[in-house]
1. Beta carbons within 10 angstrom, averaged per residue: use that to sort the peptides 12-21, 52-61, highest first.
2. Could you run the Karplus curve 6.51 cos²θ - 1.76 cosθ + 1.60 with θ = phi - 60° over the stretch 72-81 and give me ³J(HN,Hα) per residue in whole Hz, x for Gly and Pro?
3. Find, among the GluC sites (Glu not before Pro) in the stretch 38-113, those assigned to loop by DSSP (not H, G, I, E, B) with at most 12 other beta-carbon atoms within 10 angstrom.
4. Once R0 is set to 41 Å, what does the formula 1/(1 + (r/R0)^6) return for the Cβ-Cβ distance between Asn69 and Arg45, expressed as a FRET efficiency to the nearest 0.05?
5. Find the relative contact order for the chain and round it to a whole percent, using C-alpha pairs within less than 8 Å whose residues are 6+ positions apart.
6. Counting pairwise Cα distances across the chain, what percent come out greater than 18 angstrom?
7. For each of Asp64, Asp82, count neighbouring Cβ atoms within 10 Å of the residue's Cβ, then give the residues from fewest to most.
8. So how tilted is helix 98-112 from the main axis of the chain? Cα-based, degrees 0 to 90, rounded to 10.
Amino acid sequence: MTEEPQNEAHEIPRNQLITWWGSIIGVCAVIIFGSIFVTRAYLERRTYEVENYRPPHVAKLETDLNLVNRDGTEVSLGQLRDKVYVAGYQYTECPAGCLGMAAIMKLLEEEYG
């Protein structure tokens, strides 16, 4: 009677170990390279967006809008097409903030008016 060592019964064949670890390493490589690709694509897009900033499009007016200047004259947005303009909506009896905003708008008008 020959005795077999106990650990021989629990040995995993070498080719199964290679397959197992190869699969683990392959999955890790896919995750790493995929992460690098996604991060690089995100950074390139972010850089493009920062360098080519475009203000958000909030709304589009279907009809022309008539506004009143500080001096009381009426102006339509059609007259301001292709020009830079600043519009502010302010209350006449605002508890805070409106006076400061009115002063800033006045400075803008004096400088660029």
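Where a number appears in this text, it was derived from the coordinates with a stated rule and is not lab data. Keep in mind the model is a prediction, meaning the values are calculated, not measured. Cβ placement follows ideal geometry from the backbone for every residue including glycine, while neighbour counts extend to all protein chains displayed.
1. Values: 12-21: 9.4, 52-61: 5.7.
Output ranking for 12-21, 52-61: 12-21, 52-61.
2. Couplings: x, 7, 8, 9, 9, 5, x, 6, 9, 4 Hz.
3. Numbers: sites: Glu44, Glu49, Glu51, Glu62, Glu74, Glu93, Glu109, Glu110, Glu111; in loops: Glu62, Glu93.
Within the stretch 38-113, the qualifying GluC sites (Glu not before Pro) (loop, at most 12 other Cβ atoms within 10 Å) are Glu62, Glu93.
4. Numbers: r = 42 Å, r/R0 = 1.02.
For R0 = 41 Å, the calculated efficiency reads 0.45.
5. Working: 21 pairs, mean separation 10.0, N = 113.
The normalised contact order for the chain reaches 9 percent.
6. On the way: 4873 of 6328 pairs.
Counting pairs separated by more than 18 Å, the tail of P(r) holds 77 percent.
7. On the way: Asp64 10, Asp82 4.
Final ranking by Cβ density, sparse to dense: Asp82, Asp64.
8. In the chain, helix 98-112 runs at an angle near 80 degrees to the longest axis.
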